[in-house]
Each structure stands twice: as structure tokens, then as C-alpha cells.
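Below is one structure; the comments refer to it alone.
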Ligand SMILES: Nc1ncnc2c1ncn2[C@@H]1O[C@H](COP(=O)(O)OP(=O)(O)OP(=O)(O)O)[C@@H](O)[C@H]1O
Ligand SMILES: [Mg+2]
């Protein structure tokens, strides 16, 4: 009897210990690092962070990136998922091809787009061949913030839409097809069915995808770093720079805490805003 | 005018044939029951009429219009799904109102129709609830109300009362019948419950393995089944089938003999349990095995020359297992069936 009651806890113990060691301990250390200066509690690190020239810029850039990338990804993934849903044959193959970027690390993805967009990259070569430009154009330079931003957005969308797609396809498959059929019988056209039936029933999946993607988007770093170095400062990039360039792990920890706070806030907002009351679930 | 004409519809799922060259006419305002065992293709046929499934070949006409290639919403019908398909994210009210809203009906009209439909199906107390908080039977009634609310010219129902308790089902059955009758709705009603089909329908189409075995008025179907399958499926208890040897144009078993016209040396007699009288001597010898008092009759199960048979006798008859009775079937009501193909032999009925 007692054995039986202990068993579930025993079974989750390894995972719990693992998480405590590798997550909670570093978290506590990071908090300690951020809020201490020479062994005393202080906000020095945060003051230093806020006073830095790149601070406002990196916050602005990160938010701009999130605001541009996330809606684009959700919309694209929704369209792609709906299209896949309509396929009878070859559906798995298409899904397979569409989620290939999932298997590529974000640094590699950044390098792929660097190869395309740099001075002597594929993009310029094509433009040159078409006679649209003469000589290489520097799309990723400090002086071309718009094309730099577009490049980063493109790379992020290419790299990370697949995970949203996977979540939405899984969610769509959970919706029995009779709901759409019933709506169709009672006179709803494709757009109405999407808005009144599919979208509301897909809300839990959209919520999961949003939370996951937003948290990851606030942590964007490798893609940006590969494409622009520090020409396009973002929050995690600044943390990296403070840690490794300025050798100040206190300020780096302060950045880490800030990113965590923003991610948490975004998650709470999504959970609140996209709540599906239990009685409205199938 | 909204009769349905089903013209040589065939449906294959890969190699498997769900429907074979099925032709069927449902008249305007008629209540047709599709009756058949599980897996015989009832739902498939209904979905093809609705346009949710594409036929492999054949055509569908509704009200004289070829709708074979039209999407469901342009066919002008309503449907009750076998698994309800009540929208979980809408209240019962909004579910019932859905079809009217899609037509752009004014709020007052929506309210009126929703209340009428909800009243018919006794779901007024749940109008503000979400379907997740309803029982299966309540959800099923919401699905029926949703279909009735649009006052369709053609109504397709896939086992709409299967989840109700016996009493409520009886009540809903008669209400449905009177509502659909007075509105002149052409109805195709799928069920595998033969009492329901008998009670509701103007005509019953009995389906078996993707074909319609027989289509007729309930009483005719009951009295003159065209095949052994129909006789066994319609009516409770099922029809008795007793094989008899034929000699010189006479089917003979025990002391029972009857002239038959067949070239074979055996014939199957299809006899209803209530079309049999117990007599003093002669007739078919019947060894009683089980007695079941059903209230209005006493149902005896036993054997005639080793073949299983059921007989309904007066409830006050004194019979016990082990008794031997003499049975006299009323000759005019026997359905003679060719045992080779299971088809009834040319009766002039
Ligand atoms: N989508 C499908 N793919 C393959 N086979 C199918 C499909 N839908 C139905 N079938 C087959 O077609 C046959 C008829 O199915 P259908 O659902 O029409 O039966 P039914 O008469 O409605 O049965 P029930 O009374 O159990 O609801 C069955 O053998 C079933 O396995
Ligand atoms: Mg069915």
C-alpha cells in the first residue's frame, strides 16, 4: 500500500533531481550574480545594464523582431497547416519537406542566410545576372538597417516556422472532421468555417505555439549574430557580449534575468488572453 | 418540391465496395427509413446524399435538380450526424441557431425558431449551457434541434435517437413524426432499430452489404419480405425459417404439407411467430426448450425437426420446457423462400 503510494514519486524523482541540478541551481546562481556586487546585494549590475548605449537599442530591436516574426509565423503556419489538411496523397512527404528547417541549428540557419545575403552571396549574384544591380550590395551592413532587419526576419521565419506548423497540424488533427462538415451542411462557406469552427477549436494549439515561439524569439541570438555580428543588437546578444567581451558576468546575468522576466510576462499574457474555459473544450 | 432521386450510386473505398449500384426514389414529403445492420452502408449513403462524400459513380437529384457535383451547403438540406457533431465551443442556443445565422436570419426569427426547436426536443433548460456539460442523449437532441431549426426541405438523420432511454425515445419518435409530417419535410432516417423504422416511416428501405434488399411500406415489408435477410431483420422475434423437403410439388414436414411451386427438392418456409396456431394433432412437431413471458404473449423457443423456431402463444397458455406441441402455420401467411439464393418465391402479393 505504502509502496504503491510512493511509486509515482520515485518514478518522477530522476527527472526532478535532474531539473533541480541543471535548472534551478543555475537559476538561483544567476539571480545571485545579477543582484550582487562584491558580495553585497545591490542593483549596480542593472544600473550598468540600463546605462549602456546598446541597452535601449537591443530592447527595441528584440521587441521589433518578435512583433514582426511571430504574427508572420503564426499566419504562415496556419495557412500551411490548412493546406496540408486538404491533401489526400503525399501529405506526409510535404510535411516532411516543410519541417526540414527544424533539424537545423539556429547558428547553421544563420550561416545559410549569410551565404545568401552577404556581399558576394547568392542573392547578389542573381540580382547581378538579372542586371538589377551592378557590383555587390551590402544588405547586412550597419548603414542598411531595413534590409538587415528584413534579412534577420527572413532567416527567423525560415528557421522557426516549422515548429509552429507541427504544433498546428497536430492540433488540427485533433479536431473531428464532423464539426466542419456540420458547419458546411448548415451553410457555412470555407472562410466562415475557418473563422467560426477551426480557429476557435484550434485556440489551445495556437496558444501553445505562441508561448513556445515567443519565449524562443525573445532569446533570439545565433541567427542575428551570424548575419550581423553586433550591427543589430538584441538582448541575448548583449548578455553574450558582456559575458565574453566585457568579462562582466554580473551585467550578463542582469540581461538574463530581464529576458526571463519578459518571457514570463508574455506567457502570462497569452495564458490569460487565450484561455479556453474547460466547459468549451470538446 | 424536394424529392430525392438516387440514381445508380456506387461507392468504393479502395477495393472495398460500400454501395453497389444503388437506386432509390424518395418522394416529396415522404419519411423513408434506411434500415440495416451495422456496416451495411447507411451512413455512407446519407453522406453521399449530403455531399460530404463523393460517389464513385452515379447521380443524386434533389427536387429534380442534379446536385451530384454541388457542395453540401448548396444542396438545401439539414443533417443530424451519427456522432452528433454539436459544436463544443458554442452554447446550446448558438448551436441550434447556427443554420439560421448562416442564412442571415434576423435575431427575432432566430429566437423564435430556436425556441420552437428546443421546445420540441425538451432542451429549453440547457440553452445557455455548453455541450460538454450535457449527457449524450441531451447532446443528441441538440443535434436534432439544430437540424429542425432551419426548417429544411430535406432532412437527413443518422440514428438520431439512438442514445435516448426507451421512454424518451418513444416520445421523441412520435413528436418527430408529427412535426415532420405537418411541415412536409422529405426525411431520410437511418436506423438499425427495426421497431423505430416500422413506427416512423412511410416506407422502409432495408439495406444489406451495400444494396437495398427491399423497399416497401412497413406492414408489407413485415408480411411479405422479399428475401430471407429482410424476414430475419424486420420484426421481433425474427421470422422462423424452416427447411422442408419437397416431393411431387408438396412441401412436407411432420404431418404438415403444403403445395409449392419449385423445381428444387428443399424449400424454406418463412413463418412469423404469431402466424402459428397450436393444434391438438397433426402439423409440425415442436419441442419446447425455453418459455419467455413477454406480457402480451408467451414466447416459446424450441425445435422443429432439429431446426430452431419461435412461436408466440397466448400469455395464459400452460406450457413447460420439454413439452411437445403440434403447430399449424396459417398457409396464406407463409413466405416460401428458395434456399439457394435466399429470395422469396413468386408470390402474387
Ligand atoms: N472512410 C472510409 N474508408 C474506408 N472504408 C469506409 C469508410 N467509411 C466507411 N467505410 C466502410 O464502408 C462500409 C459502410 O460503412 P457505413 O459507415 O456506411 O456503415 P453504417 O451502415 O452506417 O454502419 P453503422 O450502423 O455501424 O453506423 C463499412 O464496411 C465501412 O468499413
Ligand atoms: Mg452509420
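Read-outs throughout are calculated quantities, based only on the coordinates presented, and are distinct from any laboratory measurement. Quick caveat, the model's predicted, so the values are computed rather than measured. Reconstructed Cβ throughout: ideal geometry from the backbone, glycine too, with neighbour counts over all protein chains shown.
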Problem set entry | Members of the stretch B:34-59 found to be near ligand 1 (Cβ under 8 Å from one of its atoms), within 20 Å of residue B:3 (Cβ to Cβ) and free of Cβ contacts under 8 Å to residues at least 40 places away in the same chain, listed by number | B:47
Seminar exercise, completed: Of the candidates A:146, A:234, A:157, A:150, the one satisfying the condition of being buried (at least 20 other Cβ atoms within 10 Å of the Cβ) and more than 14 Å from every other protein chain (Cβ to nearest Cβ) is A:234
For this session: For residue B:188, indicate whether it is within 16 Å of ligand 2 (Cβ to nearest atom), buried (at least 23 other Cβ atoms within 10 Å of the Cβ) and closer than 30 Å to residue B:345 by Cβ.
Result: no
For this session: Could you grab me the full set of residues in the stretch B:75-85 that are within 8 Å of chain A (Cβ to nearest Cβ) and either free of Cβ contacts under 8 Å to residues at least 24 places away in the same chain or part of a loop (DSSP other than H, G, I, E, B) (or both)?
Result: B:83, B:85
Exercise. Does residue B:67 satisfy the criteria of being in contact (Cβ under 8 Å) with a residue 12 or more places away in the chain and either touching a helix residue (DSSP H, G or I) at 6+ places or on another chain (Cβ under 8 Å) or within 16 Å of ligand 2 (Cβ to nearest atom) (or both)?
Worked result: yes
Seminar exercise, completed: When the stretch B:2-33 is checked residue by residue, the ones that are on the phi > 0 side of the Ramachandran plot and touching a residue at least 40 places away in the same chain (Cβ under 8 Å) are B:8, B:21, B:29
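Taking the options B:157, B:102, name whichever one is closer than 19 Å to residue B:33 by Cα, crowded, with 16+ Cβ neighbours inside 10 Å and either touching a strand residue (DSSP E or B) at 6+ places or on another chain (Cβ under 7 Å) or within 8 Å of chain A (Cβ to nearest Cβ) (or both).
Answer to the check: B:157.
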Exercise. Condition test on residue A:33, is it assigned to a helix (DSSP H, G or I), farther than 30 Å from residue A:191 by Cα and in contact with a helix residue (DSSP H, G or I) (Cβ under 9 Å, 6 or more places away or on another chain)?
Worked result: yes
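Can you list the helices (runs of 4 or more DSSP H) lying wholly within the stretch A:81-137 that have 3 or more residues being touching a helix residue (DSSP H, G or I) at 6+ places or on another chain (Cβ under 9 Å) and without any contact (Cβ under 8 Å) to a residue 40 or more places away in the chain?
The helices (runs of 4 or more DSSP H) meeting that bar are A:106-117, A:122-129.
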Exercise. Just checking, which of B:56, B:44, B:23 is more than 13 Å from chain A (Cβ to nearest Cβ) and within 14 Å of ligand 2 (Cβ to nearest atom)?
Worked result: B:44
Exercise. Restricting attention to the stretch B:106-133, which residues are within 14 Å of chain A (Cβ to nearest Cβ) and surrounded by fewer than 18 Cβ atoms within 10 Å (Cβ to Cβ)?
Worked result: B:128, B:129, B:132, B:133
